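Down below is the structure, laid out as structure tokens.
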Amino acid sequence: MASGTLPVTLVGHRYDVPGVYTLALTVRDGRASATAEREVTVTNAQGDTPPAQTPLTLTLSSASLSLGTFVPGLASDYTATLTATMTGGDALTVADRGVDPGRLLSPAGALEQPLSVRSTSGAFVALTRIVPVPATIEFRQSIGADEVLRPGTYTKPLTFTLAVTSP
């Protein structure tokens with residue numbers, strides 16, 4: 001048995017028009033030949049211009065948001081609004097991926113009730129899961145009259161995601 005390296009020539013072809021083509025490969029070694037065929041579908045030919053891709057951009061009206069000063073002994077809903085400016089996407093969500101999901105935290109502990117956000121359905125939903133939101137994003141923190149409020153600032157980092165849901 002002998003072994004060696006054959007000279008190899010790579011052949012390429014670009015199709016100008018999408019369609020179904022039959023490719024044939026013939027190999028000859030001077031004594032015999034073999035041919036193989038295969039059908040291929042070309043969907044984006046050389047002459048085609050691929051569709052323009054719009055980049056995804058998301059800009060929020062503010063990097064931080066204030067719900068105001070929580071007043072002990074007073075049952076109240078504290079609200080704030082952000083505006084999202086988007087291009088190239090059609091699904092905006094917000095999520096709390098941190099510690100104690102949905103609850104605003106201070107160095108002394110978490111609030112009793114979760115932070116809520118108005119979803120695309122129009123209802124306020126606790127931010128304990130990923131919530132689809134409209135471009136005007138409303139947040140609400142309910143504080144009960146008997147809720148213990150500790151001194152300090154309550155904060156929570158949130159994750160906003162802009163995605164394309166349809167091709």
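Just for strands (runs of 3 or more DSSP E) wholly inside region 70-161: which have at least 3 residues that are modelled with pLDDT under 95 and surrounded by fewer than 13 Cβ atoms within 10 Å (Cβ to Cβ)? Step through it out loud before you land on a result.
Values: elements: 76-87, 91-95, 116-118, 124-126, 136-143.
In region 70-161, the matching strands (runs of 3 or more DSSP E) lie at 76-87.
Kindly provide the set of residues from region 23-58 that are polar (S, T, N, Q), surrounded by fewer than 10 Cβ atoms within 10 Å (Cβ to Cβ) and either at pLDDT 75 or above or in a strand (DSSP E or B) (or both), ordered by number.
THR26, SER33, THR35, THR41, THR43
Checking the structure you have, find out if any residue of region 118-129 is free of Cβ contacts under 8 Å to residues at least 60 places away in the same chain, basic (Lys, Arg) and over 20 Å from ASP77 (Cα atoms).
Yes, region 118-129 contains a residue that is free of Cβ contacts under 8 Å to residues at least 60 places away in the same chain, basic (Lys, Arg) and over 20 Å from ASP77 (Cα atoms).
The values are calculated or read from the model by the stated rules, or taken from the named source; none is laboratory data. Everything numeric here is computed off the predicted structure, so don't read it as measured data. Neighbour counts run over all protein chains shown; Cβ positions are idealised from the backbone, glycine included.
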